[in-house]
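For reference, the structure is listed below as structure tokens.
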Amino acid sequence: MTDLLVRLFIKDYKNINSASVRKQYGTLSGLTGILLNILLFAGKLTAGFFTGAISVIADAFNNLTDAGSSIVTLAGFKIAGKKSDEDHPFGHGRAEYVAGLIVSLVILVVGFELLRSSFEKILHPEPIAFSGVSAVILGASVLMKLWLGLFNRRLGRRIDSAMLRATATDSFTDAIATFAVLAGLCIFLLTGLNIDGYLGLVVSLFIMYSGYNAVKDTVNPLLGQAPDPAFVQGIHDTVLAHDQIIGIHDLIVHNYGPGRIMISLHAEVPGDGDIMQIHDTIDLIEMELREKYGCDATIHMDPLAPEDDFIRKLRADVGRIIAGIDERLSIHDLRATNGPTHTNIIFDVVVPFHFRLSDDALVATLKAEIQKLNPTYYAVITVDRDLSSYSDKNKPKRGGSHEKE
């Protein structure tokens, strides 16, 4: 069903990196949610009036609130799809995260309200009014909400949208809450036990936990979370596949919303190579990254001087020193400048986040160990962060990387 609706209403539906296509996905989700929730509202409200069941009427207005959440989804994708302007030169893609955050907060509010009403029902139990019509309406609501949740989750996975994942969570939590009401009615009918408040308490805690996860899923991109390790590894593999690239470091990923990613990195190239040929290779890599990953890339050429025996031995010695401290450490841009009284050993050391040593302590340790190689060596060290430390499975093979917002 989802695939059929996508093919019918979304042109070029496979081009998920396009802002206009993502907007169509959001429009499909929003309009579907509005339509179904209004139908549920009308059906439950009618059944509630005929049966006098307050719980069904309350659930009807909950569906009206859900229609409002679908409007937020619709508006979020509409704003995110706007083109760049003078005030927002990198586009409006983060509006998708903001809208998802609003939906996530709504889930938390619903969970809190259910928690409060459940405590009231436990302390002051009320008679449960049961009718066949109410049961049918609630059962149909559970099925429709489950379908809507699966629908939005599938769309969210297809375009990697935190907002649609939050919308799916909203539908699933509604289905669970309604199922709890229905289960309470059935248990009361069969046993005479009124456990409506206790069921509501359990469901409210689950809803609040789901809301917390949904908030985290939408807040992290706004704060500037680390990019997907698989994405980082793909960038490394693509760049290093070119023979003229010796290594890369200082990879920075800027996320301005889905489909609006910018990256920059330093590519190490032979210092004695043909500068025009290397520049042409860099241009080709930037275009390849744009086509492959939908990101705009800026690559800084970092020429390496041809290594003599002294630099090769020095690199091996420093490599042994950092390996003795921690195997996750790596270095780049190692060079030496000779003076009349001492030799400057200059390099960057790439350090994982939450390393056991502070930057100052690590630098002091390295300087002391390097001076043991030769009393005239003076180390000039810059500390970089290593994004690949977030996932050992996807750790880049060469060079270091870090990310900042």
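The values are calculated or read from the model by the stated rules, or taken from the named source; none is laboratory data. None of the values given here were measured: they were computed from a predicted structure. So basically every Cβ, Gly included, is an ideal-geometry build from the backbone, and we count neighbours across all protein chains shown.
Side notes on the structure shown:
- Within the stretch 202-217, not a single residue is at pLDDT 85 or above, outside the structural domain of MET163 (by TED's automatic domain parsing) and among the charged types (D, E, K, R).
- Qualifying residue in the stretch 335-346 (condition: among the hydroxyl-bearing types (Ser, Thr, Tyr), assigned to a loop (DSSP other than H, G, I, E, B) and closer than 27 Å to VAL363 by Cβ): yes
- Residue in the stretch 174-195 that is outside any loop (DSSP other than H, G, I, E, B), at pLDDT below 90 and in contact with a strand residue (DSSP E or B) (Cβ under 9 Å, 6 or more places away or on another chain) present: no
- Counted residues, the stretch 361-405 - those being more than 21 Å from ASP250 (Cβ to Cβ), modelled with pLDDT of 60 or more and charged (D, E, K, R): 3
- Scanning the stretch 117-157 for residues that are of a type outside the set (A, V, I, L, M), more than 23 Å from ALA67 (Cβ to Cβ) and outside any loop (DSSP other than H, G, I, E, B) turns up SER118, PHE119, GLU120, LYS121, GLY132, ARG157.
- Meets criteria (under 21 Å from LEU185 (Cα atoms), modelled with pLDDT of 85 or more and in contact with a helix residue (DSSP H, G or I) (Cβ under 7 Å, 6 or more places away or on another chain)) for LEU40: yes
- Residues that are at pLDDT below 85 and either within 16 Å of the chain's Cα centre (by Cα) or among the β-branched types (Val, Ile, Thr) (or both) within the stretch 81-99 comprise GLY93, GLU96, listed in sequence order.
- Test result for VAL239, under 30 Å from ILE122 (Cβ atoms) and among the β-branched types (Val, Ile, Thr): no
- Scanning the stretch 17-32 for residues that are at pLDDT below 85 and either among the aromatic types (Phe, Trp, Tyr) or part of a helix (DSSP H, G or I) (or both) turns up ALA19, SER20.
- The residue that is farthest from ARG157 (Cα to Cα), counting only those in the stretch 1-16 that are aliphatic (A, V, I, L, M) and at pLDDT below 85, is MET1.
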